[in-house]
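Notes follow the structure.
The values are calculated or read from the model by the stated rules, or taken from the named source; none is laboratory data. What you are looking at is a predicted structure, and each value in this text was computed from that prediction instead of being measured. Here the Cβ is made from the backbone with ideal geometry for all residues, glycine too, and neighbour counts use every protein chain on show.
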């Protein structure tokens, strides 16, 4: 007799932040009844946060999409998969014939597996377009660019498991307690071992409260701070001359550039007294220092802020040894992997040139184009494309200048959205294809630790929902392309062959949560003996501080531990309602503007406005205000100013005006 209440346990990886915590899903009769931590996972080590413990709940949301939809005369109607795939493929080919390949774009993927991301990218290039990008663009593309050009790989150079071995952990523009709470276990170990924590952040965050030194910088002045510290270190012989001589290049030019940055000027520009700056410099001059950072650097001063920060690690020789290195705090489960594979100006096997295109042709059976495509920010903020396919990506909420993004999407001749839910972006689509969620399929994801792990399928998707690999496979076939499989294991093996930095991985290790399975080498620490640059040496890259052109109150956005990105998942978790962020303001700014706590205010920028309830707080530095990014209204205000090189939005730096709303 069948026992319908037999419970099985399935291993998986958390769908939220980039830590990639190991989970055990308890399944009864094709329903996940509980999520618990996996004690064997090499990074999370039996810990999960509140979001992780309820990660299965949104899977059973009442509003899951369960069949394909087509918009006709402003109304969505149900259609079959066969109809949807045929019509989408026909429209893509029609647009390609009418406007050319450059009129089509494929964007998204940070919530998807490596296999789905790889196949999505392959489909785009089979159609002849390089307009392919992921949401890694809007967060840590500046980090990836700086790390790759200076050290060799666009990823963390050490592991969060090394934090407990460090003497000093520097955290710039990141609150671990809010964004990556499971990593807090390593901060506790560091403190128990006598280590120091330095936090660089304009706001008194939860992590700043436990720091030994908090540098509460003025927004947008990190480069001046880092260059000043570098000048102090060099002037006082607090640098690792042997490391610089043997393992780096470009030092003399760098030394010349930063020689004009002084402590006196830093006090004025950065807003920190010189004694604290000197204390910071002395702390990082020793060995076993880890330099880590989050979006506070990348979404304000972009690539140059990361370059200036990495220069400090090179000056002090804190790369390539135990208890030292660089950590990038990634915000989504596979954003590192998506950024590794999907770029509009780089092939998955290397730089975009004829040689690599021919190499791909041997594997793929077609030769991809070599022209540089549009980044996702260029495509959605500048427009110009005629057709977009978006995969698990909700830019109407997540992108800056929401009004502009919506207009661009509404102007398209074809918008296809692949998603489990009817998001604000999906509402604008011509076709909405229902996708399986993370526990309803299998495949691998890459964490911020460079660890690649396999998600195992726990339950079946509802109704007619399909995995993205199945959807992409159907489109491939309908478009007349060959050489594609919907088997994730087969895709993984092909991806390994194409994406050179993943070539060392094996499926056995990826599927075993107790094994490291890190890329490009299976070591927690990169660059022990040489850097992966063409010369084998790290590069100093001098950058100059540039004062922001506009002045006024600066709106900064950030995370809170109980919410997640655009909140599509958290809003569908029992016990959580839709989120409304207060606007936090320093008491001195509030007094100057004649505002009181709990006043209703209108916050306006040159891009738009929104209504908030004011919260007066000493945790916000004078001259700035703060709102949580999860509030859907925030990005009406955040402007679409982009970092010149990476095209990453400056979510952490928008000049705003605040007016009290008269209620009567």
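Overview of values
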{"quantity": "Conditions (1) farther than 20 Å from residue 332 by Cβ; (2) surrounded by 14 or more Cβ atoms within 10 Å (Cβ to Cβ); (3) not assigned by TED's automatic domain parsing to the domain that holds residue 418; number of the one not met by residue 79", "calculated": "(3)"}
{"quantity": "Residue 272 being out of contact with any strand residue (DSSP E or B) (no Cβ under 9 Å at 6 or more places or on another chain), in contact (Cβ under 8 Å) with a residue 24 or more places away in the chain and not assigned by TED's automatic domain parsing to the domain that holds residue 619", "calculated": "no"}
{"quantity": "Counted residues, the stretch 160-195 - those being over 17 Å from the mean Cα position of the chain (by Cα), closer than 28 Å to residue 251 by Cα and not in a strand (DSSP E or B)", "calculated": "4"}
{"quantity": "Residue within the stretch 105-113 that is closer than 25 Å to residue 641 by Cβ and out of contact with any helix residue (DSSP H, G or I) (no Cβ under 6 Å at 6 or more places or on another chain) present", "calculated": "yes"}
{"quantity": "Test: residue in the stretch 627-637 that is modelled with pLDDT of 95 or more, in a strand (DSSP E or B) and under 23 Å from residue 377 (Cβ atoms)", "calculated": "yes"}
{"quantity": "Helices (runs of 4 or more DSSP H) completely within the stretch 196-270 that count 2 or more residues being surrounded by fewer than 16 Cβ atoms within 10 Å (Cβ to Cβ)", "calculated": "241-247, 251-258, 263-270"}
{"quantity": "Listing of strands (runs of 3 or more DSSP E) fully contained in the stretch 540-607 that carry 2 or more residues being under 24 Å from the mean Cα position of the chain (by Cα)", "calculated": "553-558"}
{"quantity": "Exclusive hit being part of a loop (DSSP other than H, G, I, E, B) and either under 24 Å from the mean Cα position of the chain (by Cα) or buried (at least 22 other Cβ atoms within 10 Å of the Cβ) (or both), set 320, 296, 331, 339", "calculated": "331"}
{"quantity": "Single condition residue 43 does not satisfy, out of (1) under 22 Å from the mean Cα position of the chain (by Cα); (2) assigned by TED's automatic domain parsing to the domain that holds residue 415", "calculated": "(2)"}
{"quantity": "Subset of the stretch 21-40 (residues that are within 20 Å of residue 574 (Cα to Cα), touching a strand residue (DSSP E or B) at 6+ places or on another chain (Cβ under 9 Å) and surrounded by fewer than 16 Cβ atoms within 10 Å (Cβ to Cβ))", "calculated": "28, 33, 34, 36"}
{"quantity": "Residue within the stretch 571-578 that is closer than 26 Å to residue 664 by Cβ, assigned by TED's automatic domain parsing to the domain that holds residue 631 and surrounded by 13 or more Cβ atoms within 10 Å (Cβ to Cβ) present", "calculated": "no"}
{"quantity": "Within the stretch 622-640, considering residues that are out of contact with any strand residue (DSSP E or B) (no Cβ under 7 Å at 6 or more places or on another chain) and crowded, with 20+ Cβ neighbours inside 10 Å, the one nearest to residue 400 (Cα to Cα)", "calculated": "635"}
{"quantity": "Boolean, residue 381 is assigned to a helix (DSSP H, G or I) and over 29 Å from residue 440 (Cα atoms)", "calculated": "yes"}
{"quantity": "Residues satisfying the stated conditions in the stretch 188-209, i.e. out of contact with any helix residue (DSSP H, G or I) (no Cβ under 7 Å at 6 or more places or on another chain) and farther than 25 Å from residue 543 by Cβ", "calculated": "188, 191, 192, 194, 195, 204, 208, 209"}
{"quantity": "Failed condition for residue 145, given (1) assigned to a helix (DSSP H, G or I); (2) within 28 Å of residue 473 (Cα to Cα)", "calculated": "(2)"}
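Yes/no per residue for (1) in contact (Cβ under 8 Å) with a residue 60 or more places away in the chain; (2) over 30 Å from residue 640 (Cβ atoms):
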| site | (1), (2) |
| --- | --- |
| 498 | yes, yes |
| 505 | no, yes |
| 514 | yes, yes |
| 518 | yes, yes |
| 533 | yes, yes |
| 567 | yes, no |
| 579 | no, no |
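Table: residues versus (1) within 25 Å of the chain's Cα centre (by Cα); (2) modelled with pLDDT of 95 or more.
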residue: 460; (1), (2): no, yes
residue: 465; (1), (2): no, yes
residue: 468; (1), (2): yes, yes
residue: 474; (1), (2): no, yes
residue: 485; (1), (2): no, no
residue: 498; (1), (2): yes, yes
residue: 501; (1), (2): yes, yes
residue: 510; (1), (2): yes, yes
residue: 515; (1), (2): yes, no
